[in-house]
1. Cβ-Cβ under 6 Å, sequence separation 6+ or interchain: first residue in region 33-46 and without any contact (Cβ under 8 Å) to a residue 24 or more places away in the chain, partner open to solvent by less than 100 Å² (accessible area, probe 1.4 Å) and hydroxyl-bearing (S, T, Y). Which pairs?
2. Being farther than 14 Å from F4 by Cα, over 14 Å from the mean Cα position of the chain (by Cα) and open to solvent by 60 Å² or more (accessible area, probe 1.4 Å) is true for just one of K25, K59, K46. Which residue is that?
3. Considering D66, D38, which residue is under 17 Å from D86 (Cα atoms) and not in a helix (DSSP H, G or I)?
4. Does region 60-70 contain at least one residue that is at pLDDT 95 or above, in contact with a Leu (Cβ under 7 Å, 6 or more places away or on another chain), hydrophobic (A, V, I, L, M, F, W, C) and closer than 25 Å to N94 by Cα?
5. Those residues that are in contact (Cβ under 8 Å) with a residue 24 or more places away in the chain, open to solvent by less than 50 Å² (accessible area, probe 1.4 Å) and not charged (D, E, K, R), I need them from region 5-22; list them, please.
6. Scan region 62-79 for residues that are surrounded by 13 or more Cβ atoms within 10 Å (Cβ to Cβ) and farther than 18 Å from S29 by Cβ and jot them down.
7. Of the residues N6, N76, N57, N10, which single one is of a type in the set (S, T, N, Q) and at pLDDT below 95?
8. Do we find that I97 is of a type in the set (V, I, T) and surrounded by 12 or more Cβ atoms within 10 Å (Cβ to Cβ) in this structure?
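The values are calculated or read from the model by the stated rules, or taken from the named source; none is laboratory data. Remember, predicted model here, so these are calculated numbers, not experimental data. Quick reminder, even Gly has a Cβ in these numbers, built from the backbone with ideal geometry, and neighbours come from all protein chains shown. SASA here: full protein model, heavy atoms, side chains in, ligands and nucleic acids out. Shrake-Rupley method; radii C 1.70, N 1.55, O 1.52, S 1.80 Å.
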Amino acid sequence: MSIFRNVVLNLKTEEECDRVIGLYKEQLSSLENQGLVDVYICRLSKDSVLFFLTINNDKNAQRIFDTMREFREQQNLDLIDILVLDGQIEWHKNFPISKFGFND
């Protein structure tokens, strides 16, 4: 079953948030073909960022979680706090872009 991970990092400055987004883009891109299905990086505010990952199975999820935890610890981030949620994906649907232009 597919797994999701939702991580919110609240950082001390906008500059640190920009730095973290760049670091995570590079690190997550390096995990291609290791079970990642989707990755979203969403800025919540000038100094907060949300990472949302979907992963194809439990084994790959645990390996990716461990890799990313070690990566985060090595980066010496200027964090205020962190929120991590993960679990099984119960349902997923991709909606096609409407031919009537409603998704524009």
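1. D38/T54
2. On the way: K25 fails: over 14 Å from the mean Cα position of the chain (by Cα); K59 fails: farther than 14 Å from F4 by Cα.
The unique qualifying residue is K46.
3. Working: D66 fails: not in a helix (DSSP H, G or I).
Just one listed residue meets the conditions, D38.
4. yes
5. From region 5-22, those in contact (Cβ under 8 Å) with a residue 24 or more places away in the chain are 5-14, 16-17, 20-21; that's our starting set.
So of that shortlist, the ones also open to solvent by less than 50 Å² (accessible area, probe 1.4 Å) come out as 5-11, 16-17, 20-21.
Passing the criteria: N6, V7, V8, L9, N10, L11, C17, V20, I21.
6. As a first pass, look at region 62-79 and keep what is surrounded by 13 or more Cβ atoms within 10 Å (Cβ to Cβ): 62-65, 67-68, 71-72, 75, 77-79.
Selection gives Q62, L77, D78, L79.
7. Working: N6 fails: at pLDDT below 95; N57 fails: at pLDDT below 95; N10 fails: at pLDDT below 95.
That would be N76, the only listed residue that is of a type in the set (S, T, N, Q) and at pLDDT below 95.
8. Details: of a type in the set (V, I, T): yes; surrounded by 12 or more Cβ atoms within 10 Å (Cβ to Cβ): no.
In short, no.
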